[in-house]
Amino acid sequence: MKSIALLFTFALSPLDAKPIKVFILAGQSNMEGQGVVSMDGERDYNGGKGNLVWAMQHSKSAQKMKPLKNDKGEWVVRDDVQISFKVGDTVRKGGLTVGYTGYGNSSHIGPELGFGMVMGDFFQEPVLLIKTAWGGKSLFVDFRPPSSGGQVGPYYTKMVDEVRAALAALGEEKYELAGFYWQQGWNDMCEKPAIAEYADNLVNLVSDLRKEFNAPNLPVVVGELGNGGPVKEGDMYDFRQAQEKGTKKIKNALFVKTTDFARPAELSPCPTHGHHWFANAESYFLIGDAAGEGMKKLLK
C-alpha cells in the first residue's frame, strides 16, 4: 500500500511529492454514516445481523469487503488515503478506516469507506477525502446555494468553510481538487415543494461550488436516495427522478443508482430505521463503492 503524507500525516520529500487528489464528500445523515460496525445487542442491533462484521462473513459482498481487515483480523488503516471530518468542534484526521462518522468512535461507517478504497486503488498519488455532513438537512433550505435565490443555507456556508479549512491544513503541500460526491436527499423527499425545486437546486449547488473553488469542470457524482429499494410511484420515486434530472443537466457529472444495495430490514441492525438503510453496513459500503466507480468513469 502506498505511503503518503499530509500535514495531518502526509510526509513525502519535496522532490517526490505528487499533488494530493482531494475529494469533497458532502450531504446529510446518510453521508455522515449510519452503518453499524460490530454492535450486536439483540434489542438495539438485531443480534448483529447486517453489521459490518456479520456482512464480511455472510453477505454476497463479503469478498469485496475482505480488504477491510488484515491477516490478523484487524481493521486496515490506509495510509495512502487520508480523511478529514469535522464533528462538532473537533476535526478528526487520519488514515481511512472504520469510524469516520458523527459518532466520534469506531462504531459506524458511511459511504467514505467504500469510496476511499476505490480512489486509493485508482490513484498512485495520495488521496484526501474532506467529508462535510450533518443529519436532517435539506438542499431546499439548509444547503441552499446562492444561485437558487433567497437566503443562502447555513450549511452551504459551513460546507464551504470546512473544505477551505481542510485545504488550508495542507500548508505547502500541492493538491488538486479532483471531485465532489453528494449523498443527500431524505429531507427534500419529505416536502413536495422541495422535490419540485430539487433538480434546479442541485444544478445551482454544483455551479456555485465550482465557482467557490475555481474548478469549472470539477467531476461530480450524485448518489441516488436508494433507501428501501426500487419504487414505481410516490414521493420517493418523484424525488429520485428529480435527482437524476438535475444531474443530467450538469456537465461532467454522473448519477449513481443505489437501489440494488438496499437490504431487508430483518437482516439489518436497525429494522425500523428505513431512512438510514436500516443501518446495514453492506449497504453503506456498496453505496460508497459505487460512487467511487462512478467517479473513476469521470476521471478516466
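The values are calculated or read from the model by the stated rules, or taken from the named source; none is laboratory data. Here the structure is a predicted model, which is why all the values come from computation and not from measurement. Using ideal geometry, Cβ is built from the backbone for each residue, glycine included, and neighbour counts are taken over all protein chains shown.
Conditions tested, residue by residue: (1) touching a helix residue (DSSP H, G or I) at 6+ places or on another chain (Cβ under 6 Å); (2) modelled with pLDDT of 95 or more; (3) part of a strand (DSSP E or B); (4) of a type in the set (S, T, N, Q).
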{"residue": "ASP188", "(1), (2), (3), (4)": "yes, yes, no, no"}
{"residue": "ASP208", "(1), (2), (3), (4)": "yes, yes, no, no"}
{"residue": "LYS211", "(1), (2), (3), (4)": "no, yes, no, no"}
{"residue": "ASN214", "(1), (2), (3), (4)": "no, yes, no, yes"}
{"residue": "PRO230", "(1), (2), (3), (4)": "yes, yes, no, no"}
{"residue": "ALA291", "(1), (2), (3), (4)": "yes, yes, no, no"}
Among the listed residues GLN82, GLN57, GLN63, identify the single one that is at pLDDT 95 or above and assigned to a strand (DSSP E or B).
GLN82
Exactly one condition in (1) out of contact with any helix residue (DSSP H, G or I) (no Cβ under 9 Å at 6 or more places or on another chain); (2) touching a residue at least 40 places away in the same chain (Cβ under 8 Å) is not met by HIS275; state its number.
(1)
Going residue by residue through the stretch 227-247, is there one that turns out to be within 19 Å of the chain's Cα centre (by Cα), among the aliphatic types (A, V, I, L, M) and surrounded by 19 or more Cβ atoms within 10 Å (Cβ to Cβ)?
no
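Restricting to the stretch 133-151, give me the number of residues that are surrounded by 16 or more Cβ atoms within 10 Å (Cβ to Cβ) and out of contact with any strand residue (DSSP E or B) (no Cβ under 6 Å at 6 or more places or on another chain). I'd like the intermediate steps shown before the answer.
Here is the first cut: in the stretch 133-151, the residues surrounded by 16 or more Cβ atoms within 10 Å (Cβ to Cβ) are 133-135, 137-146, 148.
Still in the list and also out of contact with any strand residue (DSSP E or B) (no Cβ under 6 Å at 6 or more places or on another chain): 134-135, 137-146, 148.
Selection size over the stretch 133-151: 13.
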Qualifying position, being charged (D, E, K, R) and in contact with a strand residue (DSSP E or B) (Cβ under 7 Å, 6 or more places away or on another chain), among GLU244, GLU293, GLU266:
GLU244
Given (1) surrounded by fewer than 24 Cβ atoms within 10 Å (Cβ to Cβ); (2) out of contact with any Asp or Glu (no Cβ under 6 Å at 6 or more places or on another chain); (3) within 29 Å of ASP121 (Cα to Cα), identify the lone condition not met by ALA281.
(1)
Which pairs turn up if I take residues in the stretch 29-41 that are assigned to a helix (DSSP H, G or I) and look for partners that are of a type in the set (Lys, Arg) with beta carbon separation below 9 Å, at least 6 apart in sequence or on another chain?
SER29/LYS137; MET31/LYS131; GLU32/LYS131
